[in-house]
Every structure is written in structure tokens, then in C-alpha cells.
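A.B. asks: My questions all concern the structure below.
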Amino acid sequence: MSAPTTPSSRPTVTEREARQVAEAAREQDWRKPSFAKELFLGRFRLDLLHPHPVPADEDVRRGEEFLARLRDFCETKVDGSVIERDARIPDEVITGLKELGAFGMKIGTEYGGLGLTQVYYNKALALVGSANPAIGALLSAHQSIGVPQPLKMFGTREQKDTFLPRCARTDISAFLLTEPDVGSDPARLATTAVPDGDDYVLDGVKLWTTNGVVADLLVVMARVPKSEGHPGGITAFVVEAASEGITVENRNAFMGLRGLENGVTRFHRVRVPAAHRIGPEGAGLKIALTTLNTGRLSLPAMCVGAGKWCLKIAREWTAVREQWGRPVALHEAVGSKISFIAATTFALEAVLDLSSQMADEDRNDIRIEAALAKLYGSEMACLMADHLVQIRGGRGFETAASLEARGERAVPAEQILRDLRINRIFEGSTEIMHLLIAREAVDAHLSVAGDLIDPDKTLSDKARAGAQAGVFYAKWLPKLVAGPGRLPHAYSDFHPSGHRDLSGHLRYVERTARKLARSTFYAMSRWQGRMETKQGFLGRIVDIGAELFAMSAACVRAEHLRAGDDHGREAYQLADAFCRQARIRVEELFGRLWTNTDDLDRKVVQGVLGGTYAWLEQGVVDPSGDGPWIADASPGASRRENVHRPIR
């Protein structure tokens, strides 16, 4: 049977239509409580975090046993310097990870996987990512966003029986959404899946397909045209990577993660059985976003691992390196950086473990918590790595291979900085995460008052919304005036005898959450329908929420460790240091809510785009090569060699 003609033009989408597509893909309901959602509303629900949830004994036993095997494998079979030198993870390492079961960590035992909890999956990623971050990315892309997770949540029984055993032991999977001209704006997705009998026919080009070069199975997002019997829309498919018409046209290279098997994948009249469609037509973007709700926790897991390593190197190096008669760690300029690394690593692990355990228990909705963990972890890990490079001085800028060649310890400080940088872009850039979290943070307001600022709504709709808003705000606003944060003895559980007093930090979080909610309400009242354009303001609101969440998690973790007689005194000290550092950042962010250069910046940007400042660019040469800014992604047969190389 011949394939139908494929539409070749990219969809023309207005800004409003693009927003509608993104909005339709959101989870609309809040069926479970959310600490972060309540926090942005000015309600400090410490009861949702404290006492710290704990894993079941059997989950701990199985998790620790696997971590022991994985640690032995990393120490004896993985040489990160070889991966960095050759820009490739050796096939025998990948094969060994398959045999170990590392590709099936999140897959249930009934399908041949290990069935680890989210907590231990993240601990495993932190461990293996410390051996080499490219391995962590390989395993994370396979399980967090590749075939296993969407099938686990949305797949049919037949799909799970068919694909999950393969993913658990033998096959590598990849996730394909991004295109050369489509990033965080999926409404413009150009890859098509045209129905043809019992199949769909895929045409298009996907960019930055992590694991795509070595993958056996692909999750592909494509647009199904609307037709009789087909509602159409962005739809998810499981695709065999060896299918006729699939070409991996390039293995991409990056400033970091040199072992990453990331490529450009072209589909030309690729036939996919309708039975391999995940969920209904049009549900692809919702499936992708829902998958990421917990999948995003894999990135902060590797950021935690990086923080631990940075702390170890900073401690060992600054103890032996002397300046002006004493170790450099004892000089305040260096010591403040070490304190930041230690305190922030503690807080990031607190955020990660708390969010992961809540994901395992499934009692809370953690979509905002996971997004905050990803945002905060990726930003702070980069800063910790940058501090480590500064602490190491010239040696921090020197490669590990060069250090070794001249007889010194091969410390890959510059590599960790390069490897971590992508986490601020992976799975939603910092800028996109700000907008995504901000949208969820103001969901309660838009639910009751959104029609008031929607230009398409009728006067009767606006009148109805006004009545709803009046009832909501009459109850909500008075609660933002006072709370437990004003009572000197509130949260006294966090001031045990002989330990630092963390109760004051929790009172600060409670007071500040109410202040944050008041600021958000004032901004919505002031800007109304223009609120979505105030991205600088929204980003600062989200950053304040992230700091408050991290402070809460750090205090809860410290008390959990104290109660379990597990480094409690030290944990309290680290939590206290982190909270004091975070409070300074929060106050600065509040100041920048209303005192900033956002309006002036917009004018400068308009001038830059209009060429007003082109004279400023004179006096340099541009070493960039020729070629288009965005590669042509027109559908059609590939003219390039297929560099796909499955590992067997």
C-alpha cells in the first residue's frame, strides 16, 4: 500500500493559538493537595511535608542492594576520562549496565525491571552521574521521558507487555519532540502522522534526540491531521527505530556531555501501526507534560550528585593548598564559597528526597514541586560548579588530562561545569520553567477571575466571573494579613535542646509566603491581561517560591535526621546556614519585583533588533561559519548516511 501525500508546510500559528495549545495540554484539575501550590497562595502547609515521609523497609533493602552493585560497577568498569577523551560511552559499559538492570530501574518487576522507587532511582542517577554525567543522561532519557514512563502511565496492557520487558533489559529508548524550528512552542510542530488504514505514516525531522543515535525504540510526537473519524492533534507513538524510512542523519556534539548519543532523526513515510499509538489522538502533548511531572526529578538528582562531588573536591583541595601561611579554606573569600556549596548541596538533596518520596507515596500533587526542583537544582548546581572552578584557580580551568600529564591529580572541575550547563536548558529551559510554574502558581486566580481579563469573553461571562472572584477574594485576602509566622513560639518542634533554632526560619517562610501571595495579587490587579507579558516579574515570583520551598525542605530534612539520630546536629547547622543564605536572596528578589530595569530593557531590545546599536558591534570579526540559522527540515527522503548504531 502506498503512503499518502504528506503535508509539507509548517503550521501557521498565532501567539494566542500557541497559548491555547499549551493550556489544553495542562492538567486542569487539582485532585490532591500540593504544598507548593498552597505556598504560592500564601498558605504554609507544613503538615504536607512534616513529618518527613519515609520509604518502606523493603524498598530500602532492594534499593540499597542495587546501589551497592551499581557503585561497584562504576568504580571498576567506568572510566570517565575515556568517555571524555573518546566522546563516547564504550559499548561494553552500556552492555554491563543492561546486565545490571540499570535500564529497568523504574520498570516493574512483572516486566523484568527492578521496580525501584523514585527515591532510589534518583540516588542511582546521582551515583552513576558522578562517574560520568553522560551515563546519567543516557539512563535518565531512557526511563524518565523515553518509552517506559509514558507507557507506565498511559499505555495499554498490550503495549506494556510488548515493550516494557524489552526496555527493562535489552532496548534503549529515546524521546522525540523538538524540531529544528520548534522548541517550547509545540503548537508549530511540523512532523505529521497521516492515518492510512491500520497504520499512521510519519514524515518530518526531529532535532536533539537524546539516545536517538543508539535507540531501539522511540517515543515520537507528531501531528495527526483532522479528518473523518480522526480528531487529530499532537499525538504520541512508540516507533521501532529500525523501521524503514528512519535515518539518523547526524550525531550532535556539545560543549559538555561528550558521551551523549544525541542526533538528528528524519522520518520519511515511516509506517507505524495504530496499535502503537499511546493514548488517543490529540493527547500527545498532555502525555509528554504529565510524564515530565515526575520525570523532571532525574535532573536535580544528577545536580545533587554534582554538588556532593564539588563539596568533596573543595574540602580536599582547600585543606592542602596554602596561601599567606594558612589553608585557603580559612580565607573568608574562599570559605564563603565552600559554605555555599555545602549548605546548598544539603538543601538540594532535601528538596529531591522530599519530592521523590512524595511521588512514591502519590498522596500529593507534585507537579510544581518537581518543576521547582528542576529549576532550582539546575541553577544552583551550575553556580556550585563555577565556585569550584574559582576555588581551584588555574587548575580549575585546566583539563583533567592536562593535570595528569604534568603529574597532578586529574580533577575534572572544568568538565563538571561544562556538563552541568545543559541542565538549565534540558526538559524546559529556566525561562520556560519560570513561565510554566508561574502559570500553575496563579491557577487559582485564573480559575475564579480569568474571564474578567479574557478579551473574548462576553459581558455576562465577565459579570459571572466578577461575582465568583468577589466571593473567593473576600475569603482569601483577609487570611494574608496574619498567620503563625508572627507568633514567637510557632514551629517550636524545630528548636530542640542543644541544636540550632530552625523555627525562626519556618516562621519567616510562613510570613514570606503571605507576602508573596499579596505581591502576586497586586500585580494581577495592576496588569490584568498584560500579566503574562511580565516575564521578569513572574520569574522573580517563582524564584522566591523556589527558595521558600528549599528552606522548608531543608528544615524538615534536618529534623528528620535529628529524630533518627543521623548527623542531626550537623544537619541543623547546614539547614541554618542555607536558610540564612536563602533569606538574603529572597529579600533581594522582593526588592527587584518593583525596582528593576524591565521597561528599559524592553526598549533596549527593540533598539538592538532595529539596528540602532549596530555601531557597537564594529571592531571585531565573526568566526561563525556560513549557513542558515535554522537547518531546513522539509519532509522527504534522506540524502545522508544513517549513523544509527544499536548496541547489542
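The values are calculated or read from the model by the stated rules, or taken from the named source; none is laboratory data. Predicted model only: the values in this text are computed from it and were never measured. Cβ placement follows ideal geometry from the backbone for every residue including glycine, while neighbour counts extend to all protein chains displayed. Remember, those area values only see protein heavy atoms, side chains included, never the ligands or the DNA or RNA. Shrake-Rupley method; radii C 1.70, N 1.55, O 1.52, S 1.80 Å.
A.B. asks: If the requirement is being in a helix (DSSP H, G or I) and either surrounded by 14 or more Cβ atoms within 10 Å (Cβ to Cβ) or touching a residue at least 40 places away in the same chain (Cβ under 8 Å) (or both), which of these qualifies: 583, 602, 645?
C.D. replies: Every option except 583 fails the conditions.
A.B. asks: Before we move on, is residue 119 closer than 27 Å to residue 255 by Cβ and either touching a Ser or Thr at 6+ places or on another chain (Cβ under 6 Å) or among the hydrophobic types (A, V, I, L, M, F, W, C) (or both)? Before you say what the answer is, go through the steps one by one.
C.D. replies: On the way: closer than 27 Å to residue 255 by Cβ: no; either touching a Ser or Thr at 6+ places or on another chain (Cβ under 6 Å) or among the hydrophobic types (A, V, I, L, M, F, W, C) (or both): yes.
No, not satisfied.
A.B. asks: Go over the candidates 377, 393, 407, 450 one by one and state the one that is small (Gly, Ala, Ser), under 21 Å from residue 311 (Cβ atoms) and without any contact (Cβ under 8 Å) to a residue 40 or more places away in the chain.
C.D. replies: Criteria check complete, one pass: 393.
A.B. asks: Follow-up. Could you grab me the full set of residues in the range 261-275 that are surrounded by fewer than 19 Cβ atoms within 10 Å (Cβ to Cβ) and either among the small types (Gly, Ala, Ser) or free of Cβ contacts under 8 Å to residues at least 12 places away in the same chain (or both)?
C.D. replies: Residues satisfying the conditions are 274, 275.
A.B. asks: On to the next question. Name every residue in the range 605-631 that is open to solvent by 60 Å² or more (accessible area, probe 1.4 Å) and either part of a helix (DSSP H, G or I) or touching a residue at least 12 places away in the same chain (Cβ under 8 Å) (or both), in order of residue number.
C.D. replies: If the condition is that a residue be open to solvent by 60 Å² or more (accessible area, probe 1.4 Å) and either part of a helix (DSSP H, G or I) or touching a residue at least 12 places away in the same chain (Cβ under 8 Å) (or both), then 605, 606, 608, 609, 615, 616, 617, 630, 631 are the ones that fit.
A.B. asks: Further question on the same structure: Of all the residues that make up the range 261-280, how many are of a type in the set (A, V, I, L, M), part of a strand (DSSP E or B) and either under 28 Å from residue 26 (Cβ atoms) or modelled with pLDDT under 95 (or both)?
C.D. replies: Within the range 261-280, the subset of a type in the set (A, V, I, L, M) is 264, 270, 272, 274-275, 278.
From what is left, the residues that are part of a strand (DSSP E or B) are 264, 270, 272, 278.
Then drop every residue that is not either under 28 Å from residue 26 (Cβ atoms) or modelled with pLDDT under 95 (or both), which leaves 272, 278.
Going through the range 261-280 one residue at a time, the tally reaches 2.
A.B. asks: Next question. List, please: which pairs have Cβ atoms under 6 Å, are six or more places apart or on different chains, and start with a residue in the range 137-162 that is within 18 Å of residue 241 (Cβ to Cβ) and end with one that is among the aromatic types (Phe, Trp, Tyr) and open to solvent by 10 Å² or more (accessible area, probe 1.4 Å)?
C.D. replies: 145/175; 146/175
A.B. asks: Moving on to the next point. Applying the selection to the range 587-638, what residues are closer than 30 Å to residue 547 by Cβ and either more than 32 Å from the chain's Cα centre (by Cα) or among the hydroxyl-bearing types (Ser, Thr, Tyr) (or both)?
C.D. replies: Once the filter is applied, which keeps residues that are closer than 30 Å to residue 547 by Cβ and either more than 32 Å from the chain's Cα centre (by Cα) or among the hydroxyl-bearing types (Ser, Thr, Tyr) (or both), the range 587-638 yields 595, 597.
A.B. asks: For residue 174, only one of the following conditions fails: (1) in contact with a Leu (Cβ under 7 Å, 6 or more places away or on another chain); (2) assigned to a helix (DSSP H, G or I); (3) within 30 Å of residue 414 (Cα to Cα). What is its number?
C.D. replies: (2)
A.B. asks: When you go through 510, 532 one by one, which is the residue that is assigned to a helix (DSSP H, G or I) and under 30 Å from residue 576 (Cβ atoms)?
C.D. replies: 510
A.B. asks: Restricting attention to the range 91-111, which residues are of a type outside the set (Lys, Arg) and open to solvent by less than 30 Å² (accessible area, probe 1.4 Å)?
C.D. replies: 93, 94, 96, 97, 101, 102, 103, 104, 105, 107, 108, 111 - these are the residues of the range 91-111 that are of a type outside the set (Lys, Arg) and open to solvent by less than 30 Å² (accessible area, probe 1.4 Å).
A.B. asks: Confirm whether residue 161 is open to solvent by less than 10 Å² (accessible area, probe 1.4 Å) and either in contact with a strand residue (DSSP E or B) (Cβ under 6 Å, 6 or more places away or on another chain) or not polar (S, T, N, Q) (or both).
C.D. replies: Here the answer is no, as residue 161 does not meet what is asked.
A.B. asks: Related question: Of all helices (runs of 4 or more DSSP H) completely enclosed by the range 86-154, which ones contain at least 1 residues that are aliphatic (A, V, I, L, M), more than 20 Å from residue 360 (Cβ to Cβ) and within 16 Å of the chain's Cα centre (by Cα)?
C.D. replies: 133-140
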